[in-house]
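The values are calculated or read from the model by the stated rules, or taken from the named source; none is laboratory data. As the structure is a computational prediction, the values presented were derived from the model and not from experiment. Using ideal geometry, Cβ is built from the backbone for each residue, glycine included, and neighbour counts are taken over all protein chains shown.
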Amino acid sequence: MFALRLVQGQLHKGHDPILLFLTLTNLWMTSMNSGPAPGCNRCRDIAALDFSFSMAFQPIYDFAAADVWGWEALVRGVNGEGAFSVLSKVTDENRYAFDQQCRIRAIELAHSLGMPGRLSINFLPNAVYEPKACIRATVEAAARVGFPLERLQFEITEVEEVRADGHLRRIVDEYRAMGMGTAVDDFGAGYAGLNLLIRLQPDVLKLDMDLIRNIDKDRVRRIIVAHMVSLARELPCTLIAEGVETLEEARCLLDLGITLHQGYLYARPAFEAIPRPDPTVLAELLGAFPDVIGLRALTSAGLGTDIGK
Ligand SMILES: [Ca+2]
């Protein structure tokens, strides 16, 4: 019903026909991908992981607040090896245990490092079967170390095929009710992002690095991202640009009104550490955009909409 209202809203408001086409395509794909939810048995059957791993953290900077907004936790080997060395060991059998251990490891590390802002954790949607039961270990880990649930965010992507039966939406609703945030990861990398946006109505959209790369030199990317800014304002939800690598890309994003940035330009992920963004880069950008501080982030309703949340 929400999706239908969204399409009606777009027609009514005369929105971008390309976006409308993509939305309709996604609705059709969603309707072709429905299926019954499996029962919740995995929670009682947690296999022990036969490998160890750790985490690196990368900051997300908030220009409107002139401060770090949060850090994304990224899987690493125990000696800092790349994510693939760990993810290649994840199977259907250990996926649930791995997802649980990722959350716990990220929360415990964030606490031990004295992380002051949000902790954003990548999430394996199909590793969660029954939202209330499967969040228990996460909530317990946060309570054990005193990490507030309101500072936790889960990033959802469609790397794996995601069930289209409302399962993910129930997870998002449960997490939201507990004060945690949800983000759609890699938004704009194919049609999957729109599918998730329609189904989940997340708090945050993370714009994929392919949209950000060379945005200053590419008119089409700028037009698409400008429309995403309008979309975020109307929904409403927060936009984060990920994969920002050059000052020119950062300036272009600030020009478009996107104030939350993540990428190598600011800081590379640091192994078992919470790096701060490069102060030279921040000084350069804040000097060029002095009015950005205090700008209202793209988080609140403003344009009047019948879409609803
Ligand atoms: Ca991510």
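Here are a few things to note about the model shown:
- Restricting attention to segment 239-260, the residues that are of a type in the set (A, V, I, L, M) and surrounded by fewer than 24 Cβ atoms within 10 Å (Cβ to Cβ) add up to 3.
- Unique match (being closer than 13 Å to ILE215 by Cβ and out of contact with any helix residue (DSSP H, G or I) (no Cβ under 6 Å at 6 or more places or on another chain)) among LEU247, LEU256: LEU247
- Residue in segment 164-180 that is touching a strand residue (DSSP E or B) at 6+ places or on another chain (Cβ under 6 Å), within 16 Å of the ligand (Cβ to nearest atom), modelled with pLDDT of 90 or more and assigned to a loop (DSSP other than H, G, I, E, B) present: yes
- Pairs, first closer than 17 Å to ARG103 by Cβ in segment 165-190, second modelled with pLDDT of 90 or more and away from the ligand (no atom under 16 Å from the Cβ), C-beta under 6 Å, six or more apart: MET178/LEU149; GLY179/LEU149; GLY179/GLU150; MET180/LEU149
- Leading residue by the ranking (farthest from the chain's Cα centre (by Cα)) among those in segment 188-228 that are within 16 Å of the ligand (Cβ to nearest atom), at pLDDT below 90 and not in a loop (DSSP other than H, G, I, E, B): ALA192
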